[in-house]
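Please treat every number below as a calculation from the coordinates, not as lab data. Computed from a predicted model, the values in this text were never measured in an experiment. We place every Cβ from the backbone using ideal geometry, glycine too, and count neighbours over all the protein chains shown.
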Amino acid sequence: MSQQPPEEPHEPHVPQAGSREPAKPELPPGLDVLWGRRGRGQRGPKPGLTVDAIVDAAIALADAEGLEAVSMANVARRLGFTTMSLYRYVDSKEELLQLMYNGSVRGAESLVLGGEGWRARLREWATIQWDLLELHPWLTHMPMAAPPVAPNSLAFVERGLEVMDGTPLNDGEKMRSIGLISSYTLSEARMAYDARLAAAESPGSPPASFEALLRLLVDEETYPGLYRLAWSGEDDSSPDAREEFLAGVDCILDGVQALMDRKEHGQ
């Protein structure tokens with residue numbers, strides 16, 4: 001047998017100066033399935049069970065009992081299947097949470113925002129978020145290590161960006177604006193949800209208002225601003241959470257308008 005000449009040693013690949021070859025990040029569990037980047041496993045399907053059925057059952061469980069009640073075992077029990085049956089479709093609870101988040105925003109791709117002008121439509125966009133979090137309050141306790149990038153979530157973000165088409169804002173400024181609204185909405189919805197939970201645990205003792213607590217704690221010399229607020233004579237009953245939320249949204253929209261005005265005047 002004739003001998004083959006020895007192969008030339010391979011030189012290690014060295015990126016050229018100035019070239020950029022960032023490593024491609026891996027999609028978290030669940031997102032690769034939602035975006036069609038990973039096929040389902042080879043394990044055969046269980047008759048009568050689907051991914052959508054699992055996600056719907058998990059969402060219904062979270063709506064009824066909170067996010068802490070969601071486990072592969074509890075979802076399987078709700079569906080009348082064994083826990084192992086779920087693993088034919090969903091690899092882990094982490095993946096299930098991603099699927100639940102995406103499932104909670106179904107219909108975002110066909111959402112049409114009404115109202116005249118960017119401000120009215122963006123206010124409605126914020127209100128839809130609030131209503132969604134009221135419908136599925138467990139979303140306020142979802143792990144948020146990174147911005148949501150499930151297909152339905154990004155469709156909803158796209159609707160928010162579209163609202164500001166034709167304004168002087170660039171894409172980064174638009175994204176910061178809707179990001180601020182979303183962060184505020186999530187924070188306010190979580191506080192409202194936690195307040196409801198606290199009230200449910202002590203039904204005979206309604207929580208004291210902020211003003212009532214200030215009257216017990218602050219003096220005029222040390223906290224003049226808070227003292228004036230506490231004794232302003234305004235109704236100190238618990239404010240309507242939705243009205244308070246919308247008042248905050250209007251403040252944010254005022255800031256977005258001010259940014260637009262500065263851009264138009266070249267500032």
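Annotations
- LEU122 vs. criteria crowded, with 20+ Cβ neighbours inside 10 Å, over 25 Å from CYS251 (Cα atoms) and in contact (Cβ under 8 Å) with a residue 60 or more places away in the chain: no
- Of all residues making up region 126-172, the number that are among the polar types (S, T, N, Q) and exposed (fewer than 14 other Cβ atoms within 10 Å of the Cβ): 1
- Subset of region 170-198 [under 20 Å from GLY248 (Cβ atoms) and either assigned to a loop (DSSP other than H, G, I, E, B) or among the polar types (S, T, N, Q) (or both)]: SER177, SER182, SER183, THR185, SER187
- Here THR167 meets the list (1) part of a helix (DSSP H, G or I); (2) in contact (Cβ under 8 Å) with a residue 12 or more places away in the chain almost entirely, failing just condition (1).
- Cross-chain or 6+ apart pairs with Cβ under 7 Å, region 75-94 first and over 18 Å from ALA64 (Cβ atoms), then in a loop (DSSP other than H, G, I, E, B) and of a type in the set (A, V, I, L, M): PHE81/LEU49; SER85/LEU49; TYR89/LEU49
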